Amino acid sequence: MNRSGSDPFAELRRQYRAEAASRAAFFAAAARALREAGAGGTDLAALRQAAHRLAGSAGIYGFPEVGRKARALEEALLPVLQEGAPLDAQRVADLTADLAQLLAALGAGEPG
């Protein structure tokens, strides 16, 4: 709160919520692709990068649960991308779908 009693970050949080719907669509599409085609269904590096960005920014904007889910997705992808570990496509799809649902809810105005 600033001296006038208003929240100086309210507009930034509103914008973050507004962008949540498009982010939700990206993660939902990735989850579907993983379920349908496994690793060949989506760009895992792009998925990890998107999760990384959310993990870093969500808490700053007041949405820690989004950050936690994004971090879990990123951590599931890192061994695959960095070490060539086998992909557990179902687990990654589930994490991705969970994140997509949370983002959709956030975009609809529900608490994040």
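The values are calculated or read from the model by the stated rules, or taken from the named source; none is laboratory data. As the structure is a computational prediction, the values presented were derived from the model and not from experiment. Ideal geometry is used to build each Cβ from the backbone, glycine not excepted, and the neighbour counts take in all protein chains shown.
Does G109 qualify as being modelled with pLDDT under 90 and exposed (fewer than 14 other Cβ atoms within 10 Å of the Cβ)?
Yes.
Within region 34-43, is even one residue assigned to a helix (DSSP H, G or I) and under 26 Å from G109 (Cβ atoms)?
No, region 34-43 contains no residue that is assigned to a helix (DSSP H, G or I) and under 26 Å from G109 (Cβ atoms).
Taking region 36-60 as the region of interest, how many residues are surrounded by fewer than 18 Cβ atoms within 10 Å (Cβ to Cβ) and more than 17 Å from A93 (Cα to Cα)?
The number of residues fulfilling the criteria is 5.
Which one of these does N2 not meet: (1) modelled with pLDDT of 90 or more; (2) among the polar types (S, T, N, Q); (3) touching a Pro at 6+ places or on another chain (Cβ under 6 Å)?
N2 satisfies all of (1) modelled with pLDDT of 90 or more; (2) among the polar types (S, T, N, Q); (3) touching a Pro at 6+ places or on another chain (Cβ under 6 Å) except (1).
Considering A28, A24, which residue is closer than 29 Å to V80 by Cα and in contact with a Leu (Cβ under 8 Å, 6 or more places away or on another chain)?
One residue alone meets the criteria, A24.
Looking at the structure I just gave you, is A100 modelled with pLDDT of 95 or more and in contact with a Phe, Trp or Tyr (Cβ under 7 Å, 6 or more places away or on another chain)?
Here the answer is yes, as A100 does meet what is asked.
Test of understanding: among E75, E65, which residue is within 15 Å of A105 (Cβ to Cβ), of a type in the set (D, E) and assigned to a helix (DSSP H, G or I)?
Result: E65 is the single residue among E75, E65 that is within 15 Å of A105 (Cβ to Cβ), of a type in the set (D, E) and assigned to a helix (DSSP H, G or I).
Just to be sure I understand, how many residues within region 22-76 are under 12 Å from L103 (Cα atoms) and of a type in the set (S, T, Y)?
Residues meeting the conditions: 1.
How many residues, within region 61-77, are in contact with a helix residue (DSSP H, G or I) (Cβ under 7 Å, 6 or more places away or on another chain) and surrounded by fewer than 21 Cβ atoms within 10 Å (Cβ to Cβ)?
7
Matching residues to (1) under 15 Å from the mean Cα position of the chain (by Cα); (2) of a type in the set (S, T, N, Q):
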position	(1), (2)
F9	no, no
Q15	no, yes
A21	yes, no
E36	no, no
A45	yes, no
G62	yes, no
P79	no, no
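Pairs under 8 Å by beta carbon, first residue over 10 Å from L77 (Cβ atoms) in region 39-51, partner among the β-branched types (V, I, T) and assigned to a helix (DSSP H, G or I), six or more apart or different chains?
A39/V80
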